[in-house]
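Below you'll find the structure, written out as structure tokens, and then a few comments.
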Amino acid sequence: MRIKLLRLLAFILIIVPLAGCSASSEEKKGLTISAASSLTDVIKELIDTYESTHNVSIQLNLASSGKLARQIEQGAPVDLYLSANQKWMDQLEADKQIESATRRNFTSNHLVIIGSKNNNELTSLQTLANLPLESQIAVGEPESVPAGSYTKQALQKIQLWELIEDQLVFASDVRQVLTYVESGNASYGIVYGSDAKISDQVKVLTEIEPELHKPIVYPGAVLSDSTHKQEATDFLNFLGTKEAKEIMKKYGFQS
């Protein structure tokens, strides 16, 4: 009899903690966020910070804003979309694929021209016209990469796009632009200030005047088909807090 009681006690001691773990695991909500590639480093820290104080597990999908929007249009299971421009968010809203009431701008950015550490040739966007013909300039693909779209706007504004178009190397997202310059496959690149800040292999040669292009603003919104709308809304609200803004500022983003 005593042996049976001991066995029963041992079983209870084993199964109760397991049941508790199972319940805790079941309570943790899953959340899928699709975010523009220029947010890569900052969003990872924001997620780590958020998960440490909230009972939620976040899955992150990173790509150009245009690619992410197309994935959503094709039925990708996403709860929250963070874009690097208004164009793709506008398109999803027109198709009623986001909850319009949740849409808000959560940060902003600026464009810079980067080059190698020993490069001092450029002093402004206009001086791209003076580069040797063999010099290649990496930019985002304007049709799908917001940074590329802003770049094209700026170059067209000063009548430089067609003049240097043959020297442009198009990248699938802004992080690929950075990689091209870091590897030496392109002499120059046009990226966000936040991208330049994370690399110790390039330097900012000059900033691009913000009046040459549309404002670089990052909108976020909860998806209409989300199965975790409250959790997605809570995370989007977190991006507006002082704590989140301080993290974004550290990575070169602007409030």
Segment 154-255: strands (runs of 3 or more DSSP E) wholly inside it with 1 or more residues that are under 19 Å from TRP88 (Cα atoms), of a type outside the set (A, V, I, L, M) and touching a strand residue (DSSP E or B) at 6+ places or on another chain (Cβ under 9 Å) are 188-192, 217-222
Checked pairs for segment 229-248, first touching a residue at least 24 places away in the same chain (Cβ under 8 Å), second buried (at least 20 other Cβ atoms within 10 Å of the Cβ) and polar (S, T, N, Q), C-beta under 7 Å and 6 or more apart or across chains, list as ALA232/SER226; MET248/THR107
(1) of a type outside the set (Asp, Glu); (2) in contact with a Ser or Thr (Cβ under 8 Å, 6 or more places away or on another chain); (3) surrounded by 24 or more Cβ atoms within 10 Å (Cβ to Cβ) all hold for TYR150 apart from (2)
Condition set within 30 Å of the chain's Cα centre (by Cα) and loosely packed, with under 10 Cβ neighbours inside 10 Å, scope segment 10-56, selection modelled with the lowest pLDDT: answer is SER25
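Give the residues of segment 68-89 that are surrounded by fewer than 21 Cβ atoms within 10 Å (Cβ to Cβ) and either out of contact with any strand residue (DSSP E or B) (no Cβ under 9 Å at 6 or more places or on another chain) or aromatic (Phe, Trp, Tyr) (or both), sorted by residue number.
To start, the set of residues in segment 68-89 that are surrounded by fewer than 21 Cβ atoms within 10 Å (Cβ to Cβ) comprises 70-71, 73-77, 86-87.
Those that are surrounded by fewer than 21 Cβ atoms within 10 Å (Cβ to Cβ) and either out of contact with any strand residue (DSSP E or B) (no Cβ under 9 Å at 6 or more places or on another chain) or aromatic (Phe, Trp, Tyr) (or both): ARG70, GLU73, GLN74, GLY75, LYS87.
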* Asked: SER64: modelled with pLDDT under 95 and either surrounded by fewer than 17 Cβ atoms within 10 Å (Cβ to Cβ) or under 26 Å from ILE247 (Cβ atoms) (or both), yes or no?
  -> yes
*asked:* Tell me yes or no: at least one residue of segment 182-195 is out of contact with any helix residue (DSSP H, G or I) (no Cβ under 8 Å at 6 or more places or on another chain), at positive phi and surrounded by fewer than 16 Cβ atoms within 10 Å (Cβ to Cβ).
replied: yes
Notebook entry, point to check: Quick check: anything in segment 103-112 assigned to a helix (DSSP H, G or I) and either closer than 20 Å to ASP173 by Cα or at pLDDT 95 or above (or both)?
Noted result: no
Within segment 211-223, residues surrounded by 15 or more Cβ atoms within 10 Å (Cβ to Cβ) and either out of contact with any helix residue (DSSP H, G or I) (no Cβ under 9 Å at 6 or more places or on another chain) or over 30 Å from GLN97 (Cβ atoms) (or both) come out as LEU212
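The values are calculated or read from the model by the stated rules, or taken from the named source; none is laboratory data. Treat the numbers as computed from the prediction; the structure is a model and nothing was measured. Note that each Cβ is placed from the backbone with ideal geometry, even for glycine, and that neighbours are counted across all protein chains shown.
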